[in-house]
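Taking it in order: structure first as structure tokens, then the write-up.
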Amino acid sequence: MIPLKGRELWIGYAFLTAGVLSIVVPFLFILATSFKYEIAIMQGRFWFDPTWHNYLDVLFGRRSNFIGNIVNSLIVAGISTLVVLAVGTLAAYSLSRLKWARWVSGLFLGWTMLFNTIPVLTVVGPWYLMFQQIGLYDTLLGLILTHIAINLPMTVWLMMTFFNDIPPDLEEAARVDGATQAQAFRRVILPLVVPGLIAAGVLAFVFSWNEFSVALNLTSRGTATVPVGIANFAEQYEVQNGNMAAAAVLSTIPALILMMFGQRFVVQGLTMGAVK
């Protein structure tokens with residue numbers, strides 16, 4: 001890698017600073033708004049007396065169901081992530097190691113890539129009609145199934161990069177020592193792809209936690225997730241700006257904690273195979 005010098009270095013720093021500010025400044029604005037009274041928000045005050053009123057109203061107010069929204073999101077994101085990791089890991093290992101016909105693996109991988117290119121909103125309508133007919137509309141199970149379908153292709157592709165970078169000689173050595181293919185996978189290969197499992201798990205959880213369009217159309221008040229709960233603070237005749245900002249700040253905490261612990265593995269997973 002050629003180090004940047006002179007003007008190129010300053011240009012690089014300028015782009016980096018602009019990118020950081022474009023992320024940090026809106027979040028700081030939302031954070032400040034969450035501590036303002038509604039009158040201070042409407043008047044656009046820069047200096048204000050901070051208050052915890054919005055957070056208390058979001059968490060314990062009679063009109064708010066945000067704690068229930070958090071529980072729903074944890075259930076949906078947690079279960080869908082576990083299922084996606086189990087199914088996606090086995091599918092990726094099968095495509096990487098087993099001798100499938102080229103057209104079979106190509107057809108499956110092509111389908112997953114095609115599904116990822118289709119906007120999610122185009123399948124919300126069919127899911128809505130189908131779930132109404134089979135009794136899964138307005139249930140957490142129906143939402144879990146949709147999130148599995150959305151996140152599974154990404155998990156398969158990500159895990160395949162990890163399996164492809166593991167030499168097959170390790171499995172062959174385990175087979176020579178008397179291990180079955182399942183034992184070689186569980187005891188030799190699986191421990192080596194733990195970084196990939198962490199990366200895929202973090203991404204699947206965050207994507208499921210932040211998903212809005214499907215949850216908005218397939219849930220109601222009792223089964224709404226965090227993004228839908230935040231949107232509910234914008235009503236027809238009133239927009240609760242302070243409550244919405246406080247709920248948005250609270251919603252970032254679980255994803256932020258996961259990204260803090262899994263950032264290194266996420267970066268490794270996204271760049272795996274880029275440099276040999």
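What the table shows:
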| read-out | value |
| --- | --- |
| Tally of residues being part of a helix (DSSP H, G or I) and over 30 Å from G222 (Cα atoms) across region 139-188 | 25 |
| Output for region 79-116, where each listed residue is modelled with pLDDT of 95 or more and farther than 16 Å from M154 by Cβ | I79 |
| Pairs, first acidic (D, E) in region 23-52, second assigned to a helix (DSSP H, G or I), C-beta under 6 Å, six or more apart | E38/G242 |
| L218 vs. criteria crowded, with 22+ Cβ neighbours inside 10 Å, of a type outside the set (S, T, N, Q) and under 30 Å from S251 (Cα atoms) | yes |
| Residue within region 95-105 that is within 30 Å of N243 (Cβ to Cβ) and in contact (Cβ under 8 Å) with a residue 60 or more places away in the chain present | no |
| Hits in region 171-183 - residues which are surrounded by 13 or more Cβ atoms within 10 Å (Cβ to Cβ) and farther than 16 Å from A92 by Cβ | A173, A174, R175, A179, Q183 |
| Region 224-240, subset of a type outside the set (G, A, S) and at pLDDT 90 or above, residue nearest to E211 (Cα to Cα) | P227 |
| Single residue of region 236-251 satisfying the filter (closer than 20 Å to N72 by Cβ and either among the small types (G, A, S) or without any contact (Cβ under 8 Å) to a residue 24 or more places away in the chain (or both)) that is surrounded by the fewest Cβ atoms within 10 Å (Cβ to Cβ) | A248 |
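Here is a yes/no grid of residues against (1) among the aliphatic types (A, V, I, L, M); (2) over 30 Å from A182 (Cβ atoms); (3) under 26 Å from the mean Cα position of the chain (by Cα); (4) surrounded by fewer than 16 Cβ atoms within 10 Å (Cβ to Cβ):
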residue: I41; (1), (2), (3), (4): yes, yes, no, no
residue: G44; (1), (2), (3), (4): no, yes, no, yes
residue: L82; (1), (2), (3), (4): yes, no, yes, yes
residue: T89; (1), (2), (3), (4): no, no, yes, no
residue: W100; (1), (2), (3), (4): no, no, no, yes
residue: W103; (1), (2), (3), (4): no, no, no, yes
residue: M113; (1), (2), (3), (4): yes, no, yes, yes
residue: Y137; (1), (2), (3), (4): no, yes, yes, no
residue: T146; (1), (2), (3), (4): no, yes, yes, no
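The values are calculated or read from the model by the stated rules, or taken from the named source; none is laboratory data. For clarity, every value in this text was computed on a predicted model and none was experimentally measured. Counting neighbours? That spans all protein chains shown, and the Cβs are built from the backbone with ideal geometry, glycine included.
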